[in-house]
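First comes the structure, then the notes that go with it.
The values are calculated or read from the model by the stated rules, or taken from the named source; none is laboratory data. Since the structure is predicted, the reported quantities are computational estimates derived from the model, not experimental observations. Cβ placement follows ideal geometry from the backbone for every residue including glycine, while neighbour counts extend to all protein chains displayed. Ligands, DNA and RNA are stripped out before the accessible areas are found, and what is left, the full protein with its side chains, is counted by its heavy atoms. Shrake-Rupley method; radii C 1.70, N 1.55, O 1.52, S 1.80 Å.
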Amino acid sequence: MMLDDVGEIIYVGKAKNLKNRLKSYFFNLSNRTAKVMAMLDHVADFRYIICASEVDALVTENNLIKKHTPRYNILLKDDKAYPFLRIDMKQAFPRIEVVRRLKNDGAKYFGPYMQSINVRDITDLIHTAFSVRDCTRDLSRPSRPCLNRHLGRCLAPCSGEVSAEDYKVEMHKVIDFLKGNDREVERVLNAKMKKFAEEENFEVALNYRNKLRVLDKIVRKQVSALPKDFNLDVFAFESNGIISAINMLVVRGGKLVGGENFTANAADEDLASYIYQYYANNAPLCDEIVTDGAPDALSLEEAVNKLCAHTVRVVEPKQGVRRQLLELAHSNAYDAMVKYGTQDERKELRTSGAVRQLAQILHLKTLPNRIEGYDISHISGTDKVASMVVFEGGLPKKSHYRKFKIKTVEGNNDFACMREVLTRRLNKLSDSDESFGTIPDLLLIDGGKGQLAYAKEAQFITGREDIEIISLAKREEEVFLGSEPTVPVIIPKDSVALQLLQRVRDESHRFAITFHRNLRSKHLSESVLKNIRGVGDRTANALIKKFGSVEEIRHKSAEELATLDGISVAKAQYILDCLGTAGNTDNPDCADGDGGNE
């Protein structure tokens, strides 16, 4: 139990080896999500309890979480209990009850029914298709039947018109339906709809058609690869380091009958703890718990089985339909996580929230409000260029983007190019240019240890080693710190901090490639123009500067080209004629082997 400085329990956790677990929090950078960092800042003391087994540890953890509601644990909100259907076949004339608590009373329970399936729709279907009672009358003595008897919706056990045996035959049909056999319900509803339509009682017939649509909605949720009597609960966990989301899918009778998302602001990522909390409140009716978020499945399985009267397995599938269901649950959890809160809250999380998380994870001295990203682009050492992109507050500031042509590096040497670019940029910190004159909080280099080493040389050359610098290696998304360049930091892949670094890196890459392509296109266009007899450097450069490329020039008229100084209409038409010939330099009237003179 972690306590703050006033003695309040702020986190409860369990482990086979508590020493190793605590070391993972305090010394393992890769485990430091923003929430873990925030929690560790408040930890002032520890308490611990030695338990007889891992199962006892899980139960003790659950009890302590319920008692103290620690702010950094995943908590089951409001002890929520979902609706179940209860049928007690020990009664002479059982009825269908909607309950929220399961008891070990020998009755049959079906559920839980979550958001996607309304439990009232299920009970309406049952009472429409099967003649079972929905009243709470005392059946110890006969009484006059209600309207449902006259509507054919009840066998009227209240009036003594049906024996207990015949009534239970009908109730067994209901149980069969709840276990997944919907053929009989469909047959009954279709027959009644046609009967009332033939009698021109269209309003009642329409009601049966609507019930068939409800049934179709349930039937279409059939998971085809599962047996019809198979029951699964599927749990998946997703987190971005600040917001966590859990999705639960419920499969009953081989059908996906419900699902729900739960979001939390918690440092804890122990899904097993949440699963046990859930079943302590809603006794398990499934045959299997499918999850990949329980590191000790056997302990969870043993603990859950103590809460129910039948055997439940905990499985982590690698393939097949269970794996597909688990991936579906992960997709739902991820969607709930990224859509959590209002649009403004989500934007704040991806921007300023990501900036704060990055500072916490990397232990930066300064909040990296202004991040500058750098990348090199060329083809085999030709037309070498570099990009500088700027993000402020987690958002791109495109007016501060800058481009560089590499001037001093010969051949294919990305490392030396990075050193040149950083040296030129850092020497401009006193420049009147608004972008160059602003001191960055963090420099991000696209690459690994090599690129970072050369970038640090540029800092040393310019005397700006006070600016924090990191690199991001693309293959494993490893972060290398300027202060500790040999040991990579692995930021959780779903954290908003890493996503921010990826956006800066990808934007610098895009900007560098775009500049390189434009420059290469310009050089190619100039080369094509210079191969036209009578067109030299000055004319070619003027045409490219004015119109951008040879392709654009081809679509201009001679009069438009003649607006440039030194180009007459006749010469403009001659240039267009040469550009319009196949291959252009193959035309002997246009080619100039000397590259063109004026």
Review point. Would it be correct to say that Tyr340 is under 30 Å from Lys456 (Cα atoms) and not hydrophobic (A, V, I, L, M, F, W, C)?
Key: no
**Study point:** the range 245-269, subset open to solvent by 20 Å² or more (accessible area, probe 1.4 Å) and charged (D, E, K, R), residue farthest from Lys339 (Cα to Cα)
**Key:** Arg252
Review point. Surrounded by fewer than 19 Cβ atoms within 10 Å (Cβ to Cβ) and of a type outside the set (Asp, Glu), is that true of Ile439?
Key: yes
Check your understanding: Can you tell me which of Gly293, Gly254, Gly241 is of a type outside the set (Val, Ile, Thr), touching a Pro at 6+ places or on another chain (Cβ under 7 Å) and closer than 30 Å to His42 by Cα?
Key -> Gly241
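Going by the structure shown, is Leu285 in contact with a helix residue (DSSP H, G or I) (Cβ under 7 Å, 6 or more places away or on another chain), outside any helix (DSSP H, G or I) and surrounded by fewer than 22 Cβ atoms within 10 Å (Cβ to Cβ)?
Numbers: in contact with a helix residue (DSSP H, G or I) (Cβ under 7 Å, 6 or more places away or on another chain): no; outside any helix (DSSP H, G or I): yes; surrounded by fewer than 22 Cβ atoms within 10 Å (Cβ to Cβ): yes.
Criteria not met by Leu285.
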Review point. For the range 83-97, how many residues meet the condition of being touching a residue at least 40 places away in the same chain (Cβ under 8 Å), within 27 Å of Tyr208 (Cβ to Cβ) and part of a loop (DSSP other than H, G, I, E, B)?
Key: 3
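Go through the range 228-243 and count every residue that is modelled with pLDDT of 85 or more and either within 22 Å of Leu307 (Cα to Cα) or among the polar types (S, T, N, Q) (or both).
Result for the range 228-243: 6.
Can you pull out every residue in the range 130-171 that is assigned to a helix (DSSP H, G or I) and open to solvent by 50 Å² or more (accessible area, probe 1.4 Å)? Give the steps one after another, and end with the answer.
Quick first cut of the range 130-171, residues assigned to a helix (DSSP H, G or I) only: 147-150, 157-159, 164-171.
Leu147, Arg149, His150, Glu165, Asp166, Lys168, Val169, listed by residue number.
Scan the range 309-352 residue by residue and report those that are part of a loop (DSSP other than H, G, I, E, B), of a type outside the set (S, T, N, Q) and open to solvent by less than 100 Å² (accessible area, probe 1.4 Å). Talk me through it step by step, then tell me what you get.
Of the residues in the range 309-352, the ones part of a loop (DSSP other than H, G, I, E, B) are 309-312, 316-319, 339-342, 351.
When the remaining residues are screened for being of a type outside the set (S, T, N, Q), the result is 309-310, 312, 316-318, 339-341.
Residues satisfying the conditions are Ala309, His310, Val312, Glu316, Pro317, Tyr340, Gly341.
One line per residue, one yes/no per condition, for (1) open to solvent by 50 Å² or more (accessible area, probe 1.4 Å); (2) more than 22 Å from Lys493 (Cα to Cα); (3) not small (Gly, Ala, Ser):
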{"site": "Ile376", "(1), (2), (3)": "no, yes, yes"}
{"site": "Ser380", "(1), (2), (3)": "yes, yes, no"}
{"site": "Pro396", "(1), (2), (3)": "yes, no, yes"}
{"site": "Ser399", "(1), (2), (3)": "yes, yes, no"}
{"site": "Ile470", "(1), (2), (3)": "no, no, yes"}
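Can you pull out the residues in the range 403-419 that are in a strand (DSSP E or B) and surrounded by 19 or more Cβ atoms within 10 Å (Cβ to Cβ)? Spell out the reasoning first.
As a first pass, look at the range 403-419 and keep what is in a strand (DSSP E or B): 403-405.
Matches in the range 403-419: Phe404 only.
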Revision key, fill the gap. Ala81 fails exactly one of (1) modelled with pLDDT of 80 or more; (2) open to solvent by less than 70 Å² (accessible area, probe 1.4 Å); (3) within 30 Å of Asp134 (Cβ to Cβ), namely (1)
**Study point:** Filter result (under 38 Å from the mean Cα position of the chain (by Cα), over 19 Å from Val504 (Cα atoms) and not in a helix (DSSP H, G or I)) within the range 438-468
**Key:** Glu465, Asp466
Exercise for review: Within the range 364-407, track down each residue that is of a type in the set (D, E, K, R) and farther than 17 Å from Ile439 by Cα.
Suggested key: Asp375, Asp383, Lys384, Lys403, Lys405, Lys407
Review point. How many residues are under 14 Å from Phe235 (Cβ atoms) and part of a loop (DSSP other than H, G, I, E, B) if we restrict to the range 260-276?
Key: 2
Practice item. Working only within the range 295-308, note down all residues that are out of contact with any Lys or Arg (no Cβ under 7 Å at 6 or more places or on another chain) and open to solvent by 10 Å² or more (accessible area, probe 1.4 Å). Key: Pro295, Asp296, Ala297, Leu298, Ser299, Glu302, Asn305, Lys306, Leu307, Cys308
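So, in the range 358-374, of the ones that are touching an Asp or Glu at 6+ places or on another chain (Cβ under 8 Å) and of a type in the set (A, V, I, L, M), which residue ends up least open to solvent (accessible area, probe 1.4 Å)? Let's see the steps before the verdict.
First pass over the range 358-374, keeping only residues touching an Asp or Glu at 6+ places or on another chain (Cβ under 8 Å): 364-371, 373-374.
Add one more test, that the residue is of a type in the set (A, V, I, L, M), and what stays is 364, 367, 371.
Numbers: Leu364: 26, Leu367: 92, Ile371: 2 Å².
Top of the filtered list is Ile371.
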Point to revise | Qualifying residue in the range 490-512 (condition: in a strand (DSSP E or B) and closer than 30 Å to Val338 by Cα) | key: yes
Point to revise | Qualifying residues in the range 98-129 (those that are of a type in the set (Ser, Thr, Tyr) and either touching a Lys or Arg at 6+ places or on another chain (Cβ under 9 Å) or in a loop (DSSP other than H, G, I, E, B) (or both)) - the one least open to solvent (accessible area, probe 1.4 Å) | key: Thr128
Check your understanding: Taking interchain pairs and intrachain pairs at least six residues apart, which have beta carbon atoms under 6 angstrom, with the first residue in the range 539-557 and open to solvent by less than 10 Å² (accessible area, probe 1.4 Å) and the second modelled with pLDDT of 75 or more and not aliphatic (A, V, I, L, M)?
Key -> Ile553/Phe547
Practice item. Please enumerate the residues belonging to the range 165-209 that are closer than 18 Å to Thr123 by Cα and of a type in the set (Lys, Arg). Key: Lys168, Lys173, Lys179, Arg183, Arg187, Lys192, Arg209
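Do you know which residues across the range 574-593 are open to solvent by less than 80 Å² (accessible area, probe 1.4 Å) and modelled with pLDDT of 55 or more?
Just the residues of the range 574-593 that are open to solvent by less than 80 Å² (accessible area, probe 1.4 Å), to begin with: 574-576, 578-581, 583-585, 587, 590-592.
Within the range 574-593, Tyr574, Ile575, Leu576, Cys578, Leu579, Gly580, Cys590, Ala591 qualify.
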Practice item. Only one of these is closer than 30 Å to Asp577 by Cβ and without any contact (Cβ under 8 Å) to a residue 60 or more places away in the chain: Asn518, Asn531. Name it. Key: Asn518
Review point. Which residue out of Val385, Val389, Val355 is crowded, with 23+ Cβ neighbours inside 10 Å and part of a helix (DSSP H, G or I)?
Key: Val355
Review point. Which one of the conditions (1) surrounded by 14 or more Cβ atoms within 10 Å (Cβ to Cβ); (2) free of Cβ contacts under 8 Å to residues at least 12 places away in the same chain does Glu186 fail to meet, given that it meets all the rest?
Key: (2)
